[in-house]
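See structure below.
Please treat every number below as a calculation from the coordinates, not as lab data. As the structure is a computational prediction, the values presented were derived from the model and not from experiment. For neighbour counting, all protein chains shown are included, and Cβ atoms are generated from backbone atoms with ideal geometry for every residue, glycine included.
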Amino acid sequence: MTTTTTFLIEDLCCATEENTIRSKLSSLKGIDELRFNVVSKKLEVRHSCDTKEILAGLNSVGLPGTIAASRKSAPSKTLRTLTVSTIAAASSFASGLLLSALGLSDVITIPFFLVAILLSGWRPAFRAFKAVRNLSLDMNFLMVIAVIGALALGEYAEGAAVIVLFAVSLLLEALSTERSRHAIESLMDLSPSTALVKLGDREAVVPVEEVPVDAVIIIRPGERIPLDGLVLGGGSTIDQSAITGESLPISKSPGDSVFAGSFNQRGALEIRVTKTAKDSTLARIIRLVEEAQARKAPAQTFIERFARVYTPAVFGLALALAIVPPLFFGAGFDEWFYRALVLLVIACPCALVISTPVSVINAITSAARSGVLIKGGRHLEQLADIRAIGFDKTGTVTTGTVVISDVIC
């Protein structure tokens with residue numbers, strides 16, 4: 001039987017991990033579809049095989065996952081670890097540069113550079129090992145080879161600079177993804193996690209995920225509405241600006257529809273549920289924001305394709321540079337091995353590969369915080385070609401807040 005399971009993967013943070021997981025799980029029998037959500041660190045799998053096989057596959061590539069049981073993702077332990085290690089590595093690197101500038105000997109400065117390499121390089125090194133084991137060379141592999149090359153050349157400061165800057169770029173990407181996650185969770189907070197359900201002559205508090213269609217829920221004054229529905233009894237004014245952008249509270253009476261996430265102001269309401277929690281208007285808005293990263297901009301798609309080809313190409317070119325001249329033209333091996341290592345050190349386009357997804361995520365998240373929902377990077381990139389915009393609603397350009405302008409006696 002085919003089913004869909006959502007997995008939470010703590011270390012899922014960019015296209016590199018996505019490609020590694022896709023390569024591994026696509027080879028398993030019973031996997032029909034993989035849908036990644038980098039922002040919320042989730043992987044949705046449509047499958048007929050056992051979930052244990054999927055979890056084993058994730059573990060084998062060094063990206064362990066768990067079955068997501070909550071509508072919110074867990075706080076990121078990876079981000080905290082990455083932040084501490086990157087700050088410590090950068091501090092050690094800066095100390096080494098300062099001591100070197102003061103004219104101290106290499107015996108004193110080199111340990112600082114080595115510490116910086118260890119602190120910022122253990123994570124890429126672990127991922128590079130997993131990539132080699134799964135025959136899927138990635139940017140981490142190229143970075144590690146570049147650092148090893150720098151150390152082989154005796155350029156400890158350059159090796160530390162390469163890996164520390166790479167660690168900083170990974171940290172910036174993780175921070176932007178974390179901000180996106182918090183933006184999504186702030187949308188989730190608009191809807192209560194429980195609902196007061198009327199069961200005959202008694203009432204019960206039930207998780208919103210368990211409330212069925214046609215159930216009757218009670219909303220008291222000052223509470224948010226947990227589910228979409230129709231008013232059965234009572235009357236009130238509803239602030240639904242978070243959903244519809246309406247600047248004024250809307251009067252609601254029996255027969256009127258209400259949205260999950262709206263704020264009930266004055267009166268008590270009895271509401272018949274018309275949609276489950278996962279199908280509500282607010283849930284659809286949240287899904288649009290969550291899936292925005294999956295709809296990648298053309299520039300981002302190109303950069304990711306470029307990275308997949310570039311890494312093995314550079315490594316192959318460096319290998320040829322070290323072997324071909326000495327083997328076929330009698331050139332000195334030491335000189336051409338040195339040149340091959342130099343090529344690896346200077347050919348790490350980590351800034352190029354990381355810049356595009358970070359920019360896209362930040363733009364979408366910033367827009368979401370301002371109340372603008374952009375479906376994805378493709379649509380974001382199309383904004384560059386817009387020459388005229390027509391607005392038709394208060395609250396889009398204006399603040400949409402009612403204020404007293406005059407008091408006339």
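Shape annotation for the range 91-144: C-alpha extents along the principal axes are 45, 15, 14 Å, from largest to smallest.
What net charge is computed for the residues neighbouring Gly234, neighbours being all others with C-beta under 15 Å from the C-beta of Gly234, Lys and Arg scored +1, Asp and Glu -1?
Details: positive: Lys198, Arg220, Lys252, Arg266, Arg272; negative: Glu203, Glu223, Asp256, Glu270.
Taking every Cβ under 15 Å from that of Gly234, the sum is +1.
Using 0.36 nm per residue, how much length does the chain from Ile408 to Arg266 gain when fully extended, once their Cα-Cα distance is taken away?
Working: separation 142, 0.36 × 142 = 51.12 nm, distance 2.69 nm.
Length difference between fully extended and current span is 48.4 nm.
Working note: Karplus 6.51/-1.76/1.60 with θ = phi - 60° gives the range 204-217 the couplings 9, 8, 10, x, 4, 5, 9, 7, x, 4, 6, 5, 9, 10 Hz, where Gly and Pro are set to x. Cross-link partners for Lys29 among the aspartates and glutamates, with Cα-Cα distance under 13 Å and sequence neighbours closer than 8 places in the same chain left out: Asp50, Glu53.
Annotation: peptides 190-200, 256-266, 40-50, ranked by per-residue average of other Cβ atoms within 10 Å with the highest first, follow the order 256-266, 40-50, 190-200. Residues in the range 262-287 near a label at Glu203, defined as backbone nitrogen under 11 Å from the 7 Å Cα→Cβ point? 268-270, by backbone N distance to the label point. Taking other C-beta atoms within 10 Å as the exposure proxy, Asp138, Asp106 rank Asp106, Asp138 from fewest upward. Calculated from the alpha-carbon coordinates, the range 194-279 shows an Rg and a Dmax of 11.8, 37 Å respectively.
In this structure, the residue pairs whose Cα-Cα separation is over 26 Å, taken from Lys52/Lys130; Lys198/Lys278; Lys24/Lys278; Lys42/Lys252; Lys198/Lys252, are Lys24/Lys278; Lys42/Lys252. Restricting the calculation to Cα atoms, the range 3-67 yields a radius of gyration followed by a Dmax of 10.2, 27 Å. Using the Cβ-Cβ distance between Ser23 and Arg287 with R0 set to 30 Å, the FRET efficiency works out to roughly 0.70.
Please give the contour-minus-distance gain from Gln382 to Leu319: 0.36 nm per residue of separation, less the Cα-Cα distance, rounded to one decimal in nm. Write out the running numbers ahead of the final one.
On the way: separation 63, 0.36 × 63 = 22.68 nm, distance 4.10 nm.
Here the answer is 18.6 nm.
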